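Heads up: the structure comes next, in structure tokens.
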């Protein structure tokens, strides 16, 4: 009788443990706005939850510079950004570790359909910026910059540097100090040019938010936009090391890469991002050039 009672007690204890939901686990991810605003990260987080129901991924959507600074303060577990030259600095400081490229797309130059600077169809983004500068000086056009040290802003500054021209302080050069969506909306209202990641532009264009802007320059290796994921250094900060690693592994897994490859096709007719799978080595070389402040194809 005593043995039977012990067995029943053990069975009940097992059932109690197996039926008790696991404690909620939170992963804090600081991320560039383009990944979040397009809905990609929420889409990936939903799929992760199917594997780990106890996990809640909390995203903090800011520019890449601010996302990396949150890591430096120990406020997040993972960073997902697209600013190689900034990332390199935080890697060297030991703030972030185990970085990997997980996706890429392209920056695009957008502007009013009237195109007063005559840049449509150019394959040389540097020449396009030169023409915008000239048109601005003549009072024919404006350019809206994010001005926030985001990945997009850093790339814009690199292109201006290649032109040998400095638009800072010119009346036609407007710094929004905001994220990509608000910058695009401001440029739309002003009928101005701006540099954008293709994903955010396509999303807002499809939703009818942008009435005046069209895509003008979208070709050339200088416009490649590389997205990386980094773990915040667990030897320096109190982070959720185990689940941060699981999130990263999922993003880089075949399933995660397939989700990235297909995201946006149903709604926008084109994928908003390309998976890194199959191009990892090539993308690493591009990342290295960009991290050194050099543009692709230039010595």
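The values are calculated or read from the model by the stated rules, or taken from the named source; none is laboratory data. Everything numeric in this text was worked out from a predicted model, so none of it was measured. So basically every Cβ, Gly included, is an ideal-geometry build from the backbone, and we count neighbours across all protein chains shown.
Could you tell me which of the residues 200, 194 is surrounded by 23 or more Cβ atoms within 10 Å (Cβ to Cβ), in contact with a helix residue (DSSP H, G or I) (Cβ under 6 Å, 6 or more places away or on another chain), at negative phi and assigned to a helix (DSSP H, G or I)? Explain how you work it out, then say what you get.
Working: 194 fails: assigned to a helix (DSSP H, G or I).
Of 200, 194, the one residue that is surrounded by 23 or more Cβ atoms within 10 Å (Cβ to Cβ), in contact with a helix residue (DSSP H, G or I) (Cβ under 6 Å, 6 or more places away or on another chain), at negative phi and assigned to a helix (DSSP H, G or I) is 200.
Here is a yes/no grid of residues against (1) at pLDDT 95 or above; (2) part of a helix (DSSP H, G or I):
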{"residue": "4", "(1), (2)": "no, yes"}
{"residue": "8", "(1), (2)": "no, yes"}
{"residue": "22", "(1), (2)": "no, no"}
{"residue": "34", "(1), (2)": "no, yes"}
{"residue": "46", "(1), (2)": "yes, yes"}
{"residue": "69", "(1), (2)": "yes, yes"}
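Have a look at 92, 69, 127 and point out the one that is buried (at least 16 other Cβ atoms within 10 Å of the Cβ), free of Cβ contacts under 8 Å to residues at least 12 places away in the same chain and under 26 Å from residue 292 (Cα atoms).
Being buried (at least 16 other Cβ atoms within 10 Å of the Cβ), free of Cβ contacts under 8 Å to residues at least 12 places away in the same chain and under 26 Å from residue 292 (Cα atoms) holds for just one of 92, 69, 127, which is 69.
Answer yes or no as to whether residue 147 is loosely packed, with under 14 Cβ neighbours inside 10 Å, in contact with a strand residue (DSSP E or B) (Cβ under 8 Å, 6 or more places away or on another chain) and assigned to a loop (DSSP other than H, G, I, E, B).
Numbers: loosely packed, with under 14 Cβ neighbours inside 10 Å: no; in contact with a strand residue (DSSP E or B) (Cβ under 8 Å, 6 or more places away or on another chain): yes; assigned to a loop (DSSP other than H, G, I, E, B): yes.
Judged against the criteria, residue 147 is not a match.
Residue 233 fails exactly one of the following numbered conditions: (1) at pLDDT 95 or above; (2) within 23 Å of residue 85 (Cβ to Cβ); (3) in the same structural domain as residue 146 (by TED's automatic domain parsing); (4) more than 19 Å from the chain's Cα centre (by Cα). What is the number of that condition?
(3)
Go over the candidates 260, 251, 229 one by one and state the one that is surrounded by 20 or more Cβ atoms within 10 Å (Cβ to Cβ) and outside any helix (DSSP H, G or I). Show your work before the answer.
Values: 260 fails: outside any helix (DSSP H, G or I); 251 fails: outside any helix (DSSP H, G or I).
Only one candidate passes the filter, namely 229.
Only one of (1) part of a helix (DSSP H, G or I); (2) touching a strand residue (DSSP E or B) at 6+ places or on another chain (Cβ under 6 Å); (3) over 22 Å from residue 118 (Cα atoms) fails for residue 239. Which number is that?
(1)
Hey, could you check the stretch 278-295 for residues that are part of a loop (DSSP other than H, G, I, E, B) and either under 16 Å from the mean Cα position of the chain (by Cα) or in contact (Cβ under 8 Å) with a residue 24 or more places away in the chain (or both) and say which is nearest to residue 40 (Cα to Cα)?
Step one: filter the stretch 278-295 for residues part of a loop (DSSP other than H, G, I, E, B), giving 278-279, 292-295.
From what is left, the residues that are either under 16 Å from the mean Cα position of the chain (by Cα) or in contact (Cβ under 8 Å) with a residue 24 or more places away in the chain (or both) are 279, 292-293, 295.
Working: 279: 20, 292: 28, 293: 28, 295: 27 Å.
Of everything passing the filter in the stretch 278-295, 279 is nearest to residue 40 (Cα to Cα).
What pairs come out if I take residues in the stretch 139-150 that are in the same structural domain as residue 171 (by TED's automatic domain parsing) and pair them with residues that are surrounded by fewer than 18 Cβ atoms within 10 Å (Cβ to Cβ) and part of a loop (DSSP other than H, G, I, E, B) whose C-beta lies under 6 Å away, six or more apart or interchain?
Every condition considered, the pairs that remain are 147/177; 148/177.
Does residue 119 fit the bill of being buried (at least 19 other Cβ atoms within 10 Å of the Cβ), assigned to a loop (DSSP other than H, G, I, E, B) and touching a residue at least 60 places away in the same chain (Cβ under 8 Å)? Outline the logic, then answer.
On the way: buried (at least 19 other Cβ atoms within 10 Å of the Cβ): yes; assigned to a loop (DSSP other than H, G, I, E, B): yes; touching a residue at least 60 places away in the same chain (Cβ under 8 Å): yes.
In short, yes.
Somewhere in the stretch 54-73, is a residue more than 19 Å from residue 31 (Cα to Cα), out of contact with any helix residue (DSSP H, G or I) (no Cβ under 6 Å at 6 or more places or on another chain) and in the same structural domain as residue 271 (by TED's automatic domain parsing)?
Narrowing the stretch 54-73 to residues more than 19 Å from residue 31 (Cα to Cα): 54.
Among the residues that remain, those that are also out of contact with any helix residue (DSSP H, G or I) (no Cβ under 6 Å at 6 or more places or on another chain) are: 54.
Subsequent filtering for residues that are in the same structural domain as residue 271 (by TED's automatic domain parsing) retains 54.
Among the residues of the stretch 54-73, at least one is more than 19 Å from residue 31 (Cα to Cα), out of contact with any helix residue (DSSP H, G or I) (no Cβ under 6 Å at 6 or more places or on another chain) and in the same structural domain as residue 271 (by TED's automatic domain parsing), which makes the answer yes.
In contact with a strand residue (DSSP E or B) (Cβ under 9 Å, 6 or more places away or on another chain), without any contact (Cβ under 8 Å) to a residue 40 or more places away in the chain and more than 30 Å from residue 75 (Cβ to Cβ): is that true of residue 167 in this structure?
yes
Return the residues of the stretch 76-97 that are under 23 Å from residue 40 (Cβ atoms) and touching a strand residue (DSSP E or B) at 6+ places or on another chain (Cβ under 7 Å); say none if nothing qualifies.
Within the stretch 76-97, 76, 77, 78, 79, 80, 81, 82, 84, 87, 90, 96 qualify.
Output the number of residues of the stretch 72-88 satisfying the condition of being free of Cβ contacts under 8 Å to residues at least 12 places away in the same chain and part of a helix (DSSP H, G or I).
Within the stretch 72-88, residues that are free of Cβ contacts under 8 Å to residues at least 12 places away in the same chain and part of a helix (DSSP H, G or I) number 0.
State yes or no: is residue 178 within 21 Å of the chain's Cα centre (by Cα), crowded, with 17+ Cβ neighbours inside 10 Å, part of a helix (DSSP H, G or I) and modelled with pLDDT under 95?
On the way: within 21 Å of the chain's Cα centre (by Cα): yes; crowded, with 17+ Cβ neighbours inside 10 Å: yes; part of a helix (DSSP H, G or I): no; modelled with pLDDT under 95: yes.
Judged against the criteria, residue 178 is not a match.
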